[in-house]
Amino acid sequence: MIADSPLDPLGVPRSLLRDAVFFRLLDRILRGEYRRGQRLRLDTLADDMRVSRTPVREALVPLEMLRLVSVQRYVGVVIAQWSVDQMKERIRVACTMLAEPPVTADAPAERFDPFWIRECMSEAGAFVELSAWLLRRTGASVSADWVASQRPVLDMFFTDDVAVANGIDAVVDRRRRQTLADAARTAAMRGDRQECTRLVLELGDLLVALPDRFRAAVPA
């Protein structure tokens, strides 16, 4: 047992439970299993996840930062009125940051590690990791941190199952998106920031356009 990772009653380090609860809640929110505006009690969530209240409370912190829930005293957890357009806006903001990065003399010469995108679930995850690296290389650490914080929600939102739950056909242009992500990764590994930026921006445009190709109308 790790000394600074106290165990939950289930005997699992709490940090691991927090992460597991976070991704389970994120999945249910993005699939619409928890309706927008729905109110949920902390005890109900803990019972549903079969864990104590602590990892649930800890998992709600990043979800609130991602504007997917609101934790209100005397009310409980309220699922935010998030939308597909908000997901597209997250990518647009990242693209704007990439297109107009600040110029600094002390930008770190950080090499790109392909391991960062090896476990991405979708091309959106690769977009986030590549964008964050490019921003760090220009010295825009605050922008890079914000972009990196979007990986969980964007990476999961553009997976096949979650996309379908939102009426989106993620198969459309997938080969092109994968080709762009692979080419951008290669450019990053050889340190070609200009080419990498061009490819990542093109990938971002494709991701923004994807939700407009709905399989079926889904209520907001």
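Would you check if S149 is farther than 25 Å from L30 by Cβ and among the small types (G, A, S)? Answer is no for this residue. Can you say whether A99 is open to solvent by 20 Å² or more (accessible area, probe 1.4 Å), in contact (Cβ under 8 Å) with a residue 60 or more places away in the chain, over 13 Å from Q150 (Cβ atoms) and in contact with a helix residue (DSSP H, G or I) (Cβ under 9 Å, 6 or more places away or on another chain), as far as the supplied structure shows? Taking the combined requirement at face value, the residue satisfies it. Across segment 111-164, the qualifying residues are those that are among the aliphatic types (A, V, I, L, M) and assigned to a loop (DSSP other than H, G, I, E, B), and the one among them that is least open to solvent (accessible area, probe 1.4 Å) is A140. Checking I79, I117 one by one, the residue that is at negative phi, among the hydrophobic types (A, V, I, L, M, F, W, C) and touching a residue at least 60 places away in the same chain (Cβ under 8 Å) is I117 and no other.
Determine whether segment 76-86 contains at least one residue that is more than 20 Å from A165 (Cα to Cα), surrounded by fewer than 22 Cβ atoms within 10 Å (Cβ to Cβ) and out of contact with any Ser or Thr (no Cβ under 7 Å at 6 or more places or on another chain). Within segment 76-86, one or more residues are more than 20 Å from A165 (Cα to Cα), surrounded by fewer than 22 Cβ atoms within 10 Å (Cβ to Cβ) and out of contact with any Ser or Thr (no Cβ under 7 Å at 6 or more places or on another chain). Could you tell me which residue of segment 20-53 is nearest to A80 (Cα to Cα), considering only residues that are of a type in the set (S, T, Y) and touching a helix residue (DSSP H, G or I) at 6+ places or on another chain (Cβ under 8 Å)? Looking at the filtered set, the residue picked out is Y34.
Reported count of residues in segment 165-189, each being in a helix (DSSP H, G or I) and either under 16 Å from Q86 (Cα atoms) or open to solvent by less than 50 Å² (accessible area, probe 1.4 Å) (or both), is 8.
The values are calculated or read from the model by the stated rules, or taken from the named source; none is laboratory data. Bear in mind the structure is a predicted one, so any value in this text is a computation, not a measurement. Glycine gets a Cβ as well: all are built from the backbone with ideal geometry, and neighbour counts include every protein chain shown. Surface areas here come from the heavy atoms of the whole protein model, side chains and all, with no ligands, DNA or RNA. Shrake-Rupley method; radii C 1.70, N 1.55, O 1.52, S 1.80 Å.
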